[in-house]
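Contents: one structure, followed by commentary.
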Amino acid sequence: MKAPTSLIVGGVISGVVLTAAACSLVWTPYDVKLLDVAQKLRPPSLAHWLGVDHFGRDILSMLMLGAQTSIAVALLAVGVGVAAGAPLGLWAAARRGGVADELIMRGNDLVFAFPSLVIAILITAVFGPGAINAIIAIGIFNIPVFARLSRGAALTLWRRDFILAARVAGKSSFRISWEHILPNILNLLIVQGTIQFSLGVLAEAALSYIGLGAQPPTASWGRMLADAQTLVSLAPHVALAPGLTIVLTVLGLNLLGDGLRDLLDPRLKAARG
Amino acid sequence: MTLLTVEKLCVSIGGASILDQVSFDVAPGEILGLIGESGSGKSVTALSIMGLPPQGAKTKGSIKLAGEDILTARERRLCQLRGQAMGMVFQEPMTALNPLLPIGAQVAETILVHERVSKAEALERASQTLARVGLPPATFPLSRYPHELSGGQRQRVGIAIAIAMRPKLLIADEPTTALDVTTQAQVLDLLKGLVDELQMGMVMITHDLAVISTMAKRLAVMQSGRIVETAATEELLRKRRHPYSEALFAASTHKVELPPPPAAQRTLLEARDVLCAYPLPRQGMLTPRRALRAVDGVTFTLARGERLGLVGESGCGKSTLSRALLGLEPLQSGSIMLNGAPVRPNAADTQWRRTIQAVFQDPYGGFNPRWRVRSLISEPFHLLEEPPSGAAREDAVVDALTAVGLCAADADKYIHEFSGGQRQRIAIARALIIQPELILFDEAVSALDVSVRAQILDLLAELCRKRALSYLFISHDLAVVRSVTDRVMVMQAGKIVEQGATEQVFSAPQHECTRNLLASAPKLQIKNSAFQ
């Protein structure tokens, strides 16, 4: 079977970002704690591929460290969403039409109805800015996405004969959800997870940009963008580098998500022939 | 003069041959029956005639409709021909109609596409067409929506759409497969009348020999993309030249030999005044909710070793009753006792569940696609307090698989590696594995091809010979129920209207409903087989 083009392109971009983040754990081209003020605002050169920022730090090294933050925050936020949302959705589907279903889904609607940035500001205002609070703020808004998705997919599965057979075998709805439903909706969760992951990267950048995400000295793409905005006319590369990185990463993750859906969705498989 | 000539039609997708040298012709006013089992290429043939071969398919040969080649015609010309010169009736009346449009508009649409007429005129002609197919505007106004009609009425609308432009050719792809026997008889009559009246040529595609033998003058038998035999129906009923046609006819009239029922034994299942009702939507704000009594006061018993049948039209409450017997449906009143224990919809209550297992209709949706056969068929072990483990469990799996005619190596496969018939065998293995006292077959062979169905029914008879098997066999197919049960119950509108020994009920039906069912069921009468 031929892999869809979007999967390859998205996979390569995501792979590069992931490798950069992993690499920065042990090595970066320059140490960003050493401020080489003599070099500040140098445009890209052979020594500094993406140039130097206003503190004299190597921008490529900063981006690599920032990838760590972005990936960690987005991944944990998706984790929060899946870990809380999928069980809620499965529970709602198991009690379809019942009180639990109604409560869970209306609770979801409530979360959906809140503007996410306002809540994020609220959380950071109460608990103080930081990466952990950003994860919680983004994670909360992932919960209803996964709850709805799992409930919808689970509802169609509950009508299938093999679920009927499992009920005839005396299995509780909890066990049926765990053994039969979850494995069959996993592909949907993976695809949605990839897409939520890219939204998480974007949200982290946005929160850091307004100063509510990761705090210095932790490197963050959004922070770099915020720091660079006054220098746009003076040294555009300082703003362009993190900006383009965010765009490319989100694009890559979205393509990966689309590609995975094409690969995993049997209906689209049939259409591809 | 012939109307449709298909000559050496070959269709292939990605190198795989779907149709191979298919040739036949249809004269005006003639009904040609295209018969064969699933996957034999019947539907691809029909769609190719409509100029709608599957995407990416390569076609060879020729399809000539009144001298015009469909395969080489441009899409614009084909759009003119479809609906105007040829119409098509589909199998599933549920999905063939647009649920958002009233029936009048759907029939008028065909007319508006092909002729420059005013909307009012198109609607007027639509109402005439609907009246012709048995939906007079007085009782079925044009403003009705598909969901307000029954399956048979929807299929009539589908036929009205197909014949609105009085096409020369009508293609009917399994037009009555989704319908009840009584409705089926009416729709078949309608189609036959229309062919006579409009002098249309008709290609009727079906897997049901009994249905087609009453309709078509000529039959073409298809097997894996080839037409293996074409002959007049009369002739084919007398003598079949190709072994596949012979096998198909033999399977259609297959009789299983059940061992004699054991002497009267103690009662295994007892249902008393079972009532299952669903609340209907309120008519007004303050009117009390009315309830649909899906199962309305059903009382019967099933003795150990007995093979009981349950027949009735769709919507009569068969499925609800079967779900109630499995403890999946709460009872409003009445009681069901299984082996002396009350059946209740409580999953934790495994005592009585151990005595009953079920085989469901759909061989494709009946298994978790991500489990291996071993886990699938050993799922009912969940009901045992001490399920066998290790070698004992493996032995039980192998025993169950061999009992249904599969082999031990199949335990490691996934369900998609099996055909429909094999899947139904696996479903039976799953029901047998904990050796329940009662098995419930809910339309267990309805989705299978005739030859596979014959094998499964034989398997059932064999199992009856080997072990004391009691079962309740629920089906809408009278012939099947007749061959595999000792006693039968007839259900209508939630009530059991007649019950008795199978042969007696079928040969001397007492109730109106039973008589209707029997009279409508198409019968295949093979006159004299060369092989018998």
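Only the coordinates and a few stated rules stand behind these numbers; no lab work does. The model shown is predicted, which means the values in this text are computed figures rather than measured ones. Neighbour counts are summed over all protein chains in view; Cβ atoms, including those assigned to glycine, are modelled from backbone coordinates with ideal geometry.
If each residue's Cβ is checked for other Cβ atoms within 10 Å, how do B:T355, B:T299 rank with the fewest at the top?
B:T299, B:T355
Using a cut-off of under 16 Å, list every residue of the stretch B:268-312 whose amide N is near the label point 7 Å from the Cα of B:T182 along the Cα-to-beta-carbon line. Backbone N within reach: B:311-312. With the convex hull drawn around the C-alpha atoms of the stretch B:115-190, the volume per residue stands at 100 Å³. Quick one: longest stretch of chain A between exposed loop trypsin sites (Lys or Arg not before Pro), exposed meaning at most 11 other C-beta atoms within 10 Å and loop per DSSP? No qualifying site falls inside A:34-158, the longest such stretch.
When DSSP beta bridges are restricted to pairs lying wholly in the protein assembly as shown, around 55% turn out antiparallel. Take every Cα pair under 8 Å whose residues are at least 6 apart in sequence, average their separation, divide by the length of chain A, and the relative contact order is 28 percent.
Helix content alone sets the calculated 222 nm mean residue ellipticity of chain B: runs of n ≥ 4 DSSP H residues at -39500 (n - 2.57) each, divided across all residues, give -10000 deg cm²/dmol. The residues packed around A:I210, meaning those with a beta-carbon under 13 Å from its beta-carbon, carry a net charge of -1 if Lys and Arg are +1 and Asp and Glu are -1.
Using only the Cα atoms of the stretch B:35-118, build the gyration tensor, take square roots of its eigenvalues as a ≥ b ≥ c, and label the shape rounded, prolate or oblate: rounded if a/c is under 1.5, else prolate if a/b is larger than b/c, else oblate. In terms of gyration-tensor shape, oblate. Measure nothing but the geometry: give the 0 to 90° angle between the long axis through the Cα atoms of B:119-132 and the longest principal axis through the Cα atoms of chain B, rounded to 10°. In chain B, helix B:119-132 runs at an angle near 60 degrees to the longest axis.
Based on other C-beta atoms within 10 Å, arrange B:C464, A:C23 from fewest to most. Display every interim value, and only then the final one.
Numbers: B:C464 22, A:C23 14.
Least to most surrounded, the residues fall as A:C23, B:C464.
Take every Cα pair under 8 Å in the stretch B:4-252 that's 6+ residues apart, average their separations, divide by the length, and report that relative contact order as a whole percent.
Values: 466 pairs, mean separation 71.0, N = 249.
Here the relative contact order equals 29 percent.
Each of the GluC sites (Glu not before Pro) that DSSP puts in a loop and that has at most 14 other Cβ atoms within 10 Å breaks chain B; the longest unbroken stretch is B:386-532. Taking each of B:K192/B:K495; B:K168/B:K217; B:K217/B:K523; B:K217/B:K255 in turn, the alpha-carbon distance tops 25 angstrom for B:K192/B:K495; B:K217/B:K255. I need the helices of chain A that pass two filters: whole DSSP H segments spanning 30 Å or more by Cα along the axis, and mean Kyte-Doolittle score no lower than 1.6. Answer set is A:59-94.
Summarised in one figure, the compactness ratio Rg/Rh of the protein assembly as shown, Cα atoms and Kirkwood Rh, is 1.05. When the Gaussian network model of chain A links Cα atoms closer than 10 Å, the mean-square fluctuations of A:N254, A:N108, A:N184 top out at A:N184. On a per residue basis, the convex hull of the C-alpha atoms belonging to chain A measures out at 159 Å³. Listed by chain and number, the lysines whose C-alpha is less than 16 Å from the C-alpha of B:K8, apart from same-chain residues fewer than 8 away, are B:K42, B:K58, B:K60, B:K64. Relative contact order, whole percent, for chain B stands at 15, derived from Cα pairs under 8 Å and 6 or more residues apart. Taking the helices alone, chain A has a mean residue ellipticity at 222 nm of -24000 deg cm²/dmol, built from -39,500 (n - 2.57) per DSSP H run of at least 4 residues and averaged over all its residues. Among the residues of B:359-371, the average count of other protein chain beta-carbon atoms within 10 Å of the residue beta-carbon is 5.
In this structure, the amide hydrogen of B:L71, modeled 1.01 Å from its nitrogen in the peptide plane, lies closer than 5 angstrom to those of B:I63, counting only residues at least 5 positions away or on a different chain.
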